[in-house]
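The values are calculated or read from the model by the stated rules, or taken from the named source; none is laboratory data. In this text, all values refer to a predicted model and were calculated from it rather than measured experimentally. Glycine also receives a Cβ, built like all others from the backbone with ideal geometry; neighbour counts cover every protein chain displayed.
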Amino acid sequence: MNDTPPVCDYEGSGYRTDFWEGRGREYEDLTERSALRRLLPSGGRRVAHLGAGFGRMTGELSAFDQVIVLDYSHTMLRDARARLGDGGRYVYVAADIYRLPLAEGSCDAAVVERVIHHMADVPAALRQIRAILAPDAVFILEYASKRNLKAILRYALRRQAWNPFDEAPVEFVALNFDFHPAYMARCLREAGFRTERRLALSYFRLGALKERVPLWLLVTLDRLLQPTGQIAPFSPSVFTRNVAMGAHPPAALDGPLFKCLDCGAPLRNDGETVACPHGHGRWARRDGIYDFKEPLSG
Ligand SMILES: C[S@@+](CC[C@H](N)C(=O)[O-])C[C@H]1O[C@@H](n2cnc3c(N)ncnc32)[C@H](O)[C@@H]1O
Ligand SMILES: [Zn+2]
């Protein structure tokens, strides 16, 4: 019954230690934080951090009363929980963005960074995200741009087959996509978002530069360049701030957080499980993580 697109599975992955910690990516991390801070609203009730991974950026969402830390990978969520703690504010959810178990209109913000590049069906993912947002909610989306200076140069020198100016997404490795800014702008519009701001970042994502130029200088220069993305980003990473348009679904910020993955009814909380009142299924909460990847049997 589950005919959703394939997921890039991070179960068992050492993403934190293999990609971030001690891997010379302080510049990328700091520029992403600075972009997120620029775009985040000053506060809010409930933010969905989708594809949150090990919670690298989740701490930036402290102005919200509640933070839904959602990821497909239990490994990532366990790591996130160990880092962020339980402490009331955080709700950990194992689920697929293509099948979000969150109630319609239940969040007044969503943040997705370094995730959409794993999505073969961007429109389907954006539809799911739009549905959980209340009217006028803010959606911050980061995506990997194919129209970046390095790709343009490589294409000009015939070192790269794909055309960075072609609007179609390019899958350079299985389930890893780069997107053209015009393509992403259209997908966002069609999913019911108005893009308010766009930042271009990580222009200095080059080993030689990062080795020779002080980190603070690279981050400062990056920050100065970020606003140029409003007109034309040519950077490898783009952050956008989008607003959910229209009155549907109505805001449901006070209602139940979870919905049935089958019929959409609000789920009843039975302590260590949440259940559909129409008997479509029950989902477990184990070690502080709601598990919507598989329903409980029986
Ligand atoms: C490159 S990591 C980024 C993690 C985090 N956003 C960060 O910036 O550090 C991509 C994350 O997206 C998650 N992910 C990929 N596809 C997903 C899906 N369909 N539903 C939920 N999470 C997904 C992965 O499990 C992984 O944790
Ligand atoms: Zn149901």
Review point. If you check every pair at least six apart or on different chains, which have Cβ atoms under 9 Å apart with a residue in the stretch 69-95 that is without any contact (Cβ under 8 Å) to a residue 12 or more places away in the chain first and a residue that is assigned to a strand (DSSP E or B) and surrounded by fewer than 22 Cβ atoms within 10 Å (Cβ to Cβ) second?
Key: GLY88/GLN66
**Study point:** Top-ranked residue in the stretch 276-298 [being without any contact (Cβ under 8 Å) to a residue 40 or more places away in the chain and either more than 14 Å from ligand 2 (Cβ to nearest atom) or surrounded by 19 or more Cβ atoms within 10 Å (Cβ to Cβ) (or both); ranked as nearest to TYR72 (Cα to Cα)]
**Key:** GLU294
Practice item. Name every residue in the stretch 198-226 that is in a helix (DSSP H, G or I) and β-branched (Val, Ile, Thr), in order of residue number. Key: VAL219, THR220
Review point. Which is more than 16 Å from ligand 1 (Cβ to nearest atom), in contact with a strand residue (DSSP E or B) (Cβ under 8 Å, 6 or more places away or on another chain), in a strand (DSSP E or B) and not charged (D, E, K, R), of ALA144, ALA134, ALA110?
Key: ALA134
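Yes/no matrix, rows are residues, columns are (1) over 15 Å from the mean Cα position of the chain (by Cα); (2) more than 13 Å from ligand 1 (Cβ to nearest atom):
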{"position": "THR4", "(1), (2)": "yes, no"}
{"position": "CYS8", "(1), (2)": "no, no"}
{"position": "GLU32", "(1), (2)": "no, no"}
{"position": "GLU60", "(1), (2)": "no, no"}
{"position": "ALA63", "(1), (2)": "yes, yes"}
{"position": "SER73", "(1), (2)": "no, no"}
{"position": "ARG83", "(1), (2)": "yes, no"}
{"position": "ALA94", "(1), (2)": "no, no"}
{"position": "GLU104", "(1), (2)": "yes, yes"}
Revision key, fill the gap. Of the residues in the stretch 10-30, those that are among the aromatic types (Phe, Trp, Tyr) and either more than 10 Å from ligand 1 (Cβ to nearest atom) or without any contact (Cβ under 8 Å) to a residue 60 or more places away in the chain (or both) come to PHE19, TRP20, TYR27
Point to revise | Pairs, first of a type outside the set (A, V, I, L, M) in the stretch 258-273, second within 16 Å of ligand 1 (Cβ to nearest atom), C-beta under 7 Å, six or more apart | key: PHE258/PRO101; PHE258/LEU102; LYS259/PRO101; LYS259/LEU102; THR273/TRP283
Exercise for review: Name the one entry in ARG33, ARG56 that is at pLDDT 95 or above and assigned to a helix (DSSP H, G or I).
Suggested key: ARG33
